[in-house]
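S.K.: Please see the structure below; I have some questions.
The values are calculated or read from the model by the stated rules, or taken from the named source; none is laboratory data. Nothing here was measured: the structure is a model prediction, and the numbers come from that model. Ideal geometry is used to build each Cβ from the backbone, glycine not excepted, and the neighbour counts take in all protein chains shown. Remember, those area values only see protein heavy atoms, side chains included, never the ligands or the DNA or RNA. Shrake-Rupley method; radii C 1.70, N 1.55, O 1.52, S 1.80 Å.
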Amino acid sequence: MQAYYDADADLTVLQERTVGIIGYGNQGRAQALNLRDSGVRVIIGCLRDESARQAEADQFSVLSIPQAVERADVLALLIPDEVQRQVYQETIARRLRPGQTLDFAHGYNIHFRLIVPPPEVDVIMVAPRMIGTMVRESYLAGGGAPAFVAVAQDASGKALATALALARGIGATRAGALLTTFAQETELDLFQEQGLWPLLIRTMLMAYEVLTDRGFPPEMVALEMYGSGEGAEIFREMARQGFFRQMRLHSQTSQYGTLSRAQQIPFLAQMRSFMERALSSVRDGSFVEEWRKEQAEGYPRFRELRAQAQAHPLNRAEEAMWQLVKQRPA
Ligand code: NDP
């Protein structure tokens, strides 16, 4: 994969351009603050509400979304993916001018053609691999969040240079901006959510059920599985030291137990076929269609799934756990 760092990214590409950040939430606030600190001219376009008050408190020039589209040269669409299509169609599309750049932090709406920009604008992606607060904190600490960058439309011939300049402005090229496509970023992100996390979550719930059925106190199980923060620490060390290398932090009994039992799992073929199906339903558009229908009908299945999750006995177990263990992981 091609990776870009500070030396590959020229911030002067943005010198004569104004960046309009649309939406001042998780990514919007972090990216706006980082870009301004990097010397980029930034305006904010958002609804008149809590976000606008926060942006004003941060001393940005805050406009309505239509005004921001008219004033900005580069538009970073940093509102939730689910509302981007509607906001784009109702407020942005008819105001776009040739030469403008549309920037996304996730490929979903462009890849699935829910937003189809006119050919005379550049369409790019700068997608940090961290939540907004970390994008800001890592920048302030002198580092940055790694990001995926991509170009879907290059009307100006400068789309990649613009994406790299934005990546540098938010601090991403300090860590590394990896060149990908809208398709790969979107499919990978959705696969992670639909092919990997469901298995992890279902496995943990199954472990909870086995142990509590066998008489272990629910709050003790919750503490052991994730409540102490040890699990989060293992993931952190996987990222720092390596997936297997972090195992050195655990006893040999633990290492032997984990590695030997991982080879005894009898349903690996089914797991693989579950993952293949998850990827296929992302790739063939059937997930997007299912989710679009769910949204159009007012989220009936989603509400039901959330209600089921909220009713799971694990919620009560963790309440009991927090009664006993007074300090939560930092
Ligand atoms: P947020 O949910 O934090 O966005 C909130 C902002 O969007 C607020 O300013 C909110 O205004 C505004 N907004 C919500 N609905 C509307 C609407 N209908 N019309 C106009 N403005 C609206 O979004 P994220 O920062 O989480 O996500 C933005 C993009 O970044 C997405 O594409 C996401 O996939 C991507 N991304 C997000 C990451 C993260 O850290 N969460 C990580 C990497 C990528 P109000 O105050 O009115 O609610």
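S.K.: Thr186 passes all but one of (1) within 16 Å of the ligand (Cβ to nearest atom); (2) surrounded by fewer than 20 Cβ atoms within 10 Å (Cβ to Cβ); (3) assigned to a helix (DSSP H, G or I); which number fails?
M.R.: (2)
S.K.: Moving on. Please enumerate the residues belonging to the stretch 195-216 that are more than 20 Å from the chain's Cα centre (by Cα) and either without any contact (Cβ under 8 Å) to a residue 40 or more places away in the chain or under 18 Å from Ser254 (Cβ atoms) (or both).
M.R.: Of everything in the stretch 195-216, those that are more than 20 Å from the chain's Cα centre (by Cα) and either without any contact (Cβ under 8 Å) to a residue 40 or more places away in the chain or under 18 Å from Ser254 (Cβ atoms) (or both) turn out to be Arg202, Thr203, Met204, Met206, Ala207, Glu209, Val210, Leu211, Asp213, Arg214, Gly215, Phe216.
S.K.: On to the next question. Inside the stretch 53-78, can you point out the residues that are outside any helix (DSSP H, G or I) and open to solvent by 30 Å² or more (accessible area, probe 1.4 Å)? It would help to see each step written out before you state the result.
M.R.: Let us first name the residues in the stretch 53-78 that are outside any helix (DSSP H, G or I), namely 58-64, 72-78.
Across the stretch 53-78, the qualifying residues are Gln59, Ser61, Ser64, Asp73.
S.K.: Here is a follow-up. Of these, Leu211, Leu166, which one is aliphatic (A, V, I, L, M) and surrounded by 19 or more Cβ atoms within 10 Å (Cβ to Cβ)?
M.R.: Leu166
S.K.: On to the next question. How about the stretch 128-149: which of its residues are crowded, with 16+ Cβ neighbours inside 10 Å, within 13 Å of the ligand (Cβ to nearest atom) and more than 14 Å from the chain's Cα centre (by Cα)?
M.R.: Passing the criteria: Arg136, Ser138.
S.K.: OK, next. Quick check: is even one residue across the stretch 50-58 among the acidic types (Asp, Glu) and within 9 Å of the ligand (Cβ to nearest atom)?
M.R.: Restricting attention to the stretch 50-58, the residues satisfying the condition of being among the acidic types (Asp, Glu) are 50, 56, 58.
Filter once more, keeping what is within 9 Å of the ligand (Cβ to nearest atom): 50.
Yes: one or more hits.
S.K.: Which of the residues that make up the stretch 8-27 are more than 16 Å from the ligand (Cβ to nearest atom) and over 21 Å from Ala177 (Cα atoms)?
M.R.: Glu16, Arg17, Thr18
S.K.: Can you name the residue in the stretch 105-122 that is out of contact with any Asp or Glu (no Cβ under 8 Å at 6 or more places or on another chain) and open to solvent by less than 50 Å² (accessible area, probe 1.4 Å) and, of all such residues, is farthest from the ligand (Cβ to nearest atom)?
M.R.: Restricting to residues being out of contact with any Asp or Glu (no Cβ under 8 Å at 6 or more places or on another chain) and open to solvent by less than 50 Å² (accessible area, probe 1.4 Å), the top hit is Pro118.
S.K.: Within the bounds of the stretch 81-104, is there any residue that is in the same structural domain as Lys158 (by TED's automatic domain parsing), near the ligand (Cβ under 8 Å from one of its atoms) and within 17 Å of Leu166 (Cα to Cα)?
M.R.: Yes, the stretch 81-104 contains a residue that is in the same structural domain as Lys158 (by TED's automatic domain parsing), near the ligand (Cβ under 8 Å from one of its atoms) and within 17 Å of Leu166 (Cα to Cα).
S.K.: While we're looking at this one, here's another question. Give the stretch 135-181 a look and list any residue that's part of a helix (DSSP H, G or I), free of Cβ contacts under 8 Å to residues at least 60 places away in the same chain and farther than 25 Å from Arg97 by Cβ, or say none.
M.R.: Glu137, Ser138, Leu140, Ala172, Ala175
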